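*Asks:* I have a structure here, written as C-alpha cells, and I will follow up with some questions on it.
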Amino acid sequence: MPAEFDLIRTLAAAARPDPRAPLGIGDDAAVLNLTGRPVVCCDLIAEGTHFPPDTPPKLVGRKALAVNLSDCAAMAATPVAAFVGLLVDRRRGYRYAEAVMRGLTELAEQFHVTLAGGDTATHDGPTSLCVTVVGTCDREVRRSGARPGDALLVTGRLGGSFPSGRHLTFTPRVAEAQALAAAAELHAMIDLSDGLLADCGRLCDASGLSAILDAAAAPLADGAENVKAALTDGEDFELLFAVSESDAARLLDAPPVACGLTRIGTVAAGAGVTVRGADGEPLRFPTAGYEHAFAADPATD
Ligand SMILES: [Mg+2]
C-alpha cells in the first residue's frame, strides 16, 4: 500500500528545478534564494468547515494554495514558494491524497510558485491542509495605511461564493494586485475572506479610521441573492483597497485589471463601518462576517 514517502517521492520527482529554491523537497528544510523583502503567510482549510466532504480532491488542494495566494495578493507581494502540511482522513485512499496534491501543484504552476517542502500524515479525523507561502515584495501594502477621505475600491464581484462553489475555483488576485500597485499608490489593502463588512472593519481598525459604504454600489456576483449577501458573505477572495480620490478616478477611468473595479465607499475619521442605503439612511446587518469560535474551556480549579 502506498504511504507518506511515496507521495513525497512523487512530488519531488514532479518538481522542476527552480533557482528560487536551490534546495527544495527532500532535505530537512528548504533553502530559498529571494530577491526583495520576504513576505510570509499561512492559512489552513479543513473538511467540513472550508470545504464539504464531497468536494473533488483536486479542488481541495487548489483551494488550500489559492487562499494563501490571495493573502499574498493582499500585500501586493509576488508568491515564490509554497510549503504544504497535509493531514488526510485515514478512511481516504492514497489516490485522494495524490489528487489533492495534484490540484495544489497545478495552481502552483499556473502562478509560478515552487512547491519547496511540507509534510503529510493520516489520522482519524477530517482532512485538513495548512499551507505556508513565501513571497517577496518591493513595498508591502498593509491594512493600516488608509487615510481620511480615501476612496474604497473592490475588485470583481461579491456574494454567494460558498453556495455557488466559487470558493473552490476563484482566481487569486495576484496579478491584479501588482497591476493596481503599479498604477496607483495603494494606501491600504485586504483580501475579502470573511465578508466585505467584516474585512472592511479590519482595514478600518488597523488604520484607526471608519468607512461609509454604499449598499447600492455593491457589485453582486452571479449567485449572490441580494446586497446583504454581497456585503456579508465570506470567501469572495477579492481585494478591498484604499486610494486617494484622484487615484480612484484614474483607476476607474482606465482600470488596469480585467476583473472589474468598483468604488464601494469612502474612508473617514472615527471608527466602525456604516452602510448607507439608496436613500442615504444607514442600514443595519445582523451578521458581520464569519469568525471561527472556540468551545468553552473546561472548568478548572
Ligand atoms: Mg487575508
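Listed here are the residues, each with its yes/no results for (1) small (Gly, Ala, Ser); (2) closer than 21 Å to ASP71 by Cβ.
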| position | (1), (2) |
| --- | --- |
| GLY201 | yes, yes |
| SER207 | yes, yes |
| ALA221 | yes, yes |
| ALA229 | yes, no |
| ALA248 | yes, no |
| GLY265 | yes, no |
| ALA268 | yes, no |
| PHE285 | no, no |
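*Asks:* Shifting gears a bit: Being in contact with a helix residue (DSSP H, G or I) (Cβ under 8 Å, 6 or more places away or on another chain), basic (Lys, Arg), within 16 Å of the ligand (Cβ to nearest atom) and modelled with pLDDT of 95 or more narrows it down to one residue among LYS63, LYS58; which is it?
*Replies:* Testing whether each residue is in contact with a helix residue (DSSP H, G or I) (Cβ under 8 Å, 6 or more places away or on another chain), basic (Lys, Arg), within 16 Å of the ligand (Cβ to nearest atom) and modelled with pLDDT of 95 or more leaves just LYS63.
*Asks:* Hey, among LEU44, LEU65, which residue is over 16 Å from VAL80 (Cβ atoms), surrounded by 13 or more Cβ atoms within 10 Å (Cβ to Cβ) and in contact (Cβ under 8 Å) with a residue 40 or more places away in the chain?
*Replies:* Matching residue, one of LEU44, LEU65: LEU44.
*Asks:* Right, something else. PRO53 passes all but one of (1) within 16 Å of the ligand (Cβ to nearest atom); (2) in contact with a strand residue (DSSP E or B) (Cβ under 8 Å, 6 or more places away or on another chain); which number fails?
*Replies:* Every condition holds for PRO53 apart from (1).
*Asks:* Let me ask something additional. Determine whether ASP28 is among the charged types (D, E, K, R), without any contact (Cβ under 8 Å) to a residue 60 or more places away in the chain, farther than 24 Å from THR169 by Cβ and surrounded by fewer than 14 Cβ atoms within 10 Å (Cβ to Cβ).
*Replies:* So ASP28 passes the test.
*Asks:* Report yes if some residue within region 248-263 is under 15 Å from GLY201 (Cβ atoms) and either without any contact (Cβ under 8 Å) to a residue 24 or more places away in the chain or out of contact with any Pro (no Cβ under 8 Å at 6 or more places or on another chain) (or both); otherwise report no.
*Replies:* Within region 248-263, not a single residue is under 15 Å from GLY201 (Cβ atoms) and either without any contact (Cβ under 8 Å) to a residue 24 or more places away in the chain or out of contact with any Pro (no Cβ under 8 Å at 6 or more places or on another chain) (or both).
*Asks:* Being more than 16 Å from the ligand (Cβ to nearest atom) and in contact with a Gly (Cβ under 9 Å, 6 or more places away or on another chain) is the filter here, so list the residues in region 180-214 that pass it.
*Replies:* Hits for region 180-214 are HIS187, LEU209, SER210, ALA211, ILE212, LEU213, ASP214.
*Asks:* Now for a different question. Residues that are surrounded by fewer than 16 Cβ atoms within 10 Å (Cβ to Cβ), at least 3 per element: which strands (runs of 3 or more DSSP E) completely within region 206-272 meet that?
*Replies:* It comes to none.
*Asks:* Also: Residues in region 90-109: is at least one touching a Pro at 6+ places or on another chain (Cβ under 7 Å) and closer than 30 Å to ALA188 by Cα?
*Replies:* no
*Asks:* Can you tell me which residue among GLU176, GLU185 is within 26 Å of PRO163 (Cα to Cα) and not β-branched (Val, Ile, Thr)? Lay out the reasoning, then the answer.
*Replies:* Numbers: GLU185 fails: within 26 Å of PRO163 (Cα to Cα).
Just one listed residue meets the conditions, GLU176.
*Asks:* Same structure again: Could you tell me which residue of region 165-174 is nearest to the chain's Cα centre (by Cα), considering only residues that are under 18 Å from ALA258 (Cα atoms) and within 16 Å of the ligand (Cβ to nearest atom)?
*Replies:* Per the criteria, the residue is PRO172.
*Asks:* Of these, PHE237, PHE241, which one is on the phi > 0 side of the Ramachandran plot and within 23 Å of the chain's Cα centre (by Cα)?
*Replies:* PHE237
*Asks:* Search region 184-205 for residues being farther than 16 Å from ARG284 by Cβ and hydrophobic (A, V, I, L, M, F, W, C), and hand back the single one that is surrounded by the fewest Cβ atoms within 10 Å (Cβ to Cβ).
*Replies:* Filtering region 184-205 for residues that are farther than 16 Å from ARG284 by Cβ and hydrophobic (A, V, I, L, M, F, W, C), the one surrounded by the fewest Cβ atoms within 10 Å (Cβ to Cβ) comes out as ALA184.
*Asks:* For ASP71, which of the numbered conditions (1) farther than 28 Å from GLU185 by Cα; (2) of a type in the set (Asp, Glu); (3) within 16 Å of the ligand (Cβ to nearest atom) fails to hold?
*Replies:* (1)
*Asks:* Just one of the numbered conditions (1) within 16 Å of the ligand (Cβ to nearest atom); (2) basic (Lys, Arg); (3) not in a helix (DSSP H, G or I) is not true of ARG20; which one?
*Replies:* Evaluating ARG20 over (1) within 16 Å of the ligand (Cβ to nearest atom); (2) basic (Lys, Arg); (3) not in a helix (DSSP H, G or I) leaves (1) as the failure.
*Asks:* Answer with yes or no whether ALA177 is under 14 Å from the mean Cα position of the chain (by Cα) and either buried (at least 21 other Cβ atoms within 10 Å of the Cβ) or within 16 Å of the ligand (Cβ to nearest atom) (or both).
*Replies:* Criteria met by ALA177.
The values are calculated or read from the model by the stated rules, or taken from the named source; none is laboratory data. Just so it is clear, the structure is predicted and the values come from calculations on it, not from any experiment. Please note: Cβ atoms are built from the backbone with ideal geometry, for glycine as well, and neighbour counts cover all protein chains shown.
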